[in-house]
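These notes concern the structure reproduced below.
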Amino acid sequence: MPAQSEVYHLFAGKLFSVCLKYSRNYEDAEDTLQDSFLTIFDKIKQYQNKGSFEGWLKRIAINTALQKYRKKEPLYIENKEVENLGLEEDNYEDSNFNVNFLLELIQKLPDRYRLIFNLFVLDDYSHKEISEMLKISEGTSKSNLSIARYILKKQLEAHQQKKV
Amino acid sequence: MKEDKNIDKLFQDKLKAFEVMPNEKVWNATKAKIQKKKRKFQPIWWFYSGVAAIFILGLLLFPLKDTNIKKESLPENVVVRPSREKDETEYQKNKETVIVKSNKIYKKNPELFTNSKMSKTTETVSKAPLLTDKKGKNPSTNKAIKKDLQVDEFLNTAISVAQNNNTVIYKESLEKKKEITTKSFDVVKKELNKSNFKKANLLETIAENNKEEKEDELQKKWSIASVFGIIDANSFSKTSPLDSNLDGSTKGNKSVSYGVQFTYKINNKWSFQSGIHLQEMQYSNTNIAVVASNIEASNVRFNSGDQFVLNSTTRENFNVNTLNLNTVSFNGNMRQNFGYIEVPLEVKYNVFETRKIETQIVAGFSSLFLNKNEVFLNTINFQSIGAANNLNDLNFSANLGIDFKYLFNKNWSLQLNPMFKTQLNTYNKNSNGFQPYFIAFYTGVNYRF
């Protein structure tokens, strides 16, 4: 157990942040983290020193989250026209948004939108890769991402207005 | 577009590098699950080790115990009268001759008495090798016995015991009886006349001869065989343990097993058998549509890191339309090899035995330690090598079969051994109901010692 404990405590912080971003809430994230580590310890012999260990761990955490939510359809209508949603060009750079608030916004996104937003924006996967991972078309991936951004924007605006 | 970048940047800045430590209870729960998983194996393993330990311990103790039993049972068999009643031809004649001659010698030389006592001592030794020559080393008793006991009685006992030893062997083997009785008593007749000491030595020799013969029979308990077998792998269902979409297309191939086998004979009917074998099993699938995937889809981990969904194009509910753009091949084939170090622990029961042929029923189980795990995926465009990710490192098989032996001589024999073995816990997950079994034909040369 000491070896496992060491691996866990070294990487739990990084992987838990991944789980938090990909999950619906804190409890789900804890579950996902636990499942991820079970998979990691189960397959640790299969890690072949190709690429970084951390990258390998992260992929397992992402895959665990994907497996959990992939099958659940988003509640929103998929092919909603989002090209001309007519948002104002706000600049968020100066805004001092709290990390927890942003995380909460992501967690509140419908499952598929959340996964796609995370994969594309935060983990640099391409639409092609996302389409394969989620077994959807590239077009769906793109439109879902737009919807995700749209929802986030709306929420941010609402929050800013409250502040003002 | 710029708007998109702004919002992406906001989240990236804040969330890309953020780290948060989970509550320690998550680690405790994870730890508990890992330990539970590990513990699942232990009871079976400990039970098995226990059986093996008892078996080995038994083997170490058994030979000693066995000789003791023989030693005790011998005196009960010292029944000369019944054999006389049955009028066992040469036996009696020989015996009487010896008695008569012994009597004569005694009359001439009273010191024979001592010798007859010595001969009796020798018999005791022959019956109980563990008791050694304690009595013989104590000549002080001889004088007293000289006066009180009757010669005939002593000689009778002496000879009848010697004879009885022969009778035991007679029961065991007709040939041996003739050989030994004639030989030993011929020698007795000749030698008796010479001197008392020689006579004593004679009886000793007889006893020793008998002892040796007996020990021969007793000690041939072990046998060792080099074994080679052809395995025909099969499964109770036609599903595939590698991908549920390969339903119906899995075929077992022929492979080989070889190793060393040793047997310990408990008695005429029962024996124990163990050994060590290298065993390989092979299954194959053909007509596979291979679809590249980025998530773990099949139970194969390819060395290249690629993931594939494997679809059997021959299965009933296969639909071409379900395949997407990532289909790499429509006509791939796949071969799965997995090998084990097999350690069987089996019981054999003798059902039919002649001088040349032995037939035994074999039943037991084997521990299988995974030592080979390969999957080869071949398509026109590429070849990918990997391994199944759902095979247990240790599993067991239940074994049943028949063992035929043809005996060339006392030591060497040829064996043919068809076995049915079904594996019990081959997979740790997602085996799609696949349960392997195989029929194997083992053959080998057996040496008994």
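The values are calculated or read from the model by the stated rules, or taken from the named source; none is laboratory data. Predicted, not measured: the structure shown is a model, and the values here were computed from it. Heads up, the Cβs are rebuilt from the backbone with ideal geometry, glycines too, and the neighbour counts pull from every protein chain shown.
Would you mind finding the one in A:Val18, A:Val99 that is facing chain B (nearest Cβ under 9 Å), in contact with a Lys or Arg (Cβ under 7 Å, 6 or more places away or on another chain) and modelled with pLDDT of 80 or more? Step through it out loud before you land on a result.
Numbers: A:Val18 fails: facing chain B (nearest Cβ under 9 Å).
After applying the criteria, what remains is A:Val99.
In the set B:Ile34, B:Ile7, which member is at pLDDT 75 or above and either touching a Lys or Arg at 6+ places or on another chain (Cβ under 6 Å) or assigned by TED's automatic domain parsing to the domain that holds B:Ile276 (or both)? Before you say what the answer is, go through the steps one by one.
Working: B:Ile34 fails: either touching a Lys or Arg at 6+ places or on another chain (Cβ under 6 Å) or assigned by TED's automatic domain parsing to the domain that holds B:Ile276 (or both).
Unique residue meeting the criteria: B:Ile7.
Return only the number of the condition from (1) touching an Asp or Glu at 6+ places or on another chain (Cβ under 9 Å); (2) hydrophobic (A, V, I, L, M, F, W, C); (3) modelled with pLDDT of 85 or more that B:Ile266 does not satisfy.
(1) is the only condition that B:Ile266 fails.
Condition check: assigned by TED's automatic domain parsing to the domain that holds B:Asn299, part of a helix (DSSP H, G or I) and either closer than 30 Å to B:Met334 by Cα or at pLDDT 75 or above (or both). Does B:Asn245 satisfy that?
Numbers: assigned by TED's automatic domain parsing to the domain that holds B:Asn299: yes; part of a helix (DSSP H, G or I): yes; either closer than 30 Å to B:Met334 by Cα or at pLDDT 75 or above (or both): yes.
Judged against the criteria, B:Asn245 is a match.
Taking the range A:38-95 as the search range and keeping residues that are over 21 Å from A:Ala148 (Cβ atoms) and part of a loop (DSSP other than H, G, I, E, B), which one is modelled with the lowest pLDDT?
A:Asp94
Does the range B:1-13 hold any residues that are closer than 14 Å to A:Leu152 by Cα and either among the basic types (Lys, Arg) or in contact with a strand residue (DSSP E or B) (Cβ under 7 Å, 6 or more places away or on another chain) (or both), and which are they?
First, the residues of the range B:1-13 that are closer than 14 Å to A:Leu152 by Cα: B:3-12.
If the condition is that a residue be closer than 14 Å to A:Leu152 by Cα and either among the basic types (Lys, Arg) or in contact with a strand residue (DSSP E or B) (Cβ under 7 Å, 6 or more places away or on another chain) (or both), then B:Lys5, B:Lys9 are the ones that fit.
Hey, which of the strands (runs of 3 or more DSSP E) in the range B:362-449, taking only ones fully inside, have at least 3 residues that are within 15 Å of the chain's Cα centre (by Cα)?
On the way: elements: B:383-388, B:394-407, B:412-423, B:436-448.
Ranges flagged: B:394-407, B:412-423, B:436-448.
If only one of A:Lys153, A:Lys142 is among the basic types (Lys, Arg), part of a helix (DSSP H, G or I) and within 10 Å of chain B (Cβ to nearest Cβ), which one is it?
Numbers: A:Lys142 fails: within 10 Å of chain B (Cβ to nearest Cβ).
When all the criteria are applied, what remains is A:Lys153.
Is it the case that B:Asn68 is at pLDDT below 70 and more than 7 Å from every other protein chain (Cβ to nearest Cβ)? Please lay out each step first, then the result.
Working: at pLDDT below 70: yes; more than 7 Å from every other protein chain (Cβ to nearest Cβ): yes.
The answer is yes for B:Asn68.
Inside the range B:259-273, can you point out the residues that are touching a strand residue (DSSP E or B) at 6+ places or on another chain (Cβ under 8 Å) and not aromatic (Phe, Trp, Tyr)? Lay out the reasoning, then the answer.
Just the residues of the range B:259-273 that are touching a strand residue (DSSP E or B) at 6+ places or on another chain (Cβ under 8 Å), to begin with: B:259-266, B:268-273.
Of everything in the range B:259-273, those that are touching a strand residue (DSSP E or B) at 6+ places or on another chain (Cβ under 8 Å) and not aromatic (Phe, Trp, Tyr) turn out to be B:Gly259, B:Val260, B:Gln261, B:Thr263, B:Lys265, B:Ile266, B:Asn268, B:Lys269, B:Ser271, B:Gln273.
Can you report the number of residues in the range B:331-379 which are aliphatic (A, V, I, L, M) and buried (at least 19 other Cβ atoms within 10 Å of the Cβ)? Steps first, answer last, please.
At the first step, the residues of the range B:331-379 found to be aliphatic (A, V, I, L, M) are B:334, B:341, B:343, B:345, B:347, B:351, B:357, B:361-363, B:368, B:370, B:375, B:377.
In the following step, the residues that additionally are buried (at least 19 other Cβ atoms within 10 Å of the Cβ) were identified as B:334, B:362, B:368, B:375, B:377.
Matching residues across the range B:331-379 total 5.
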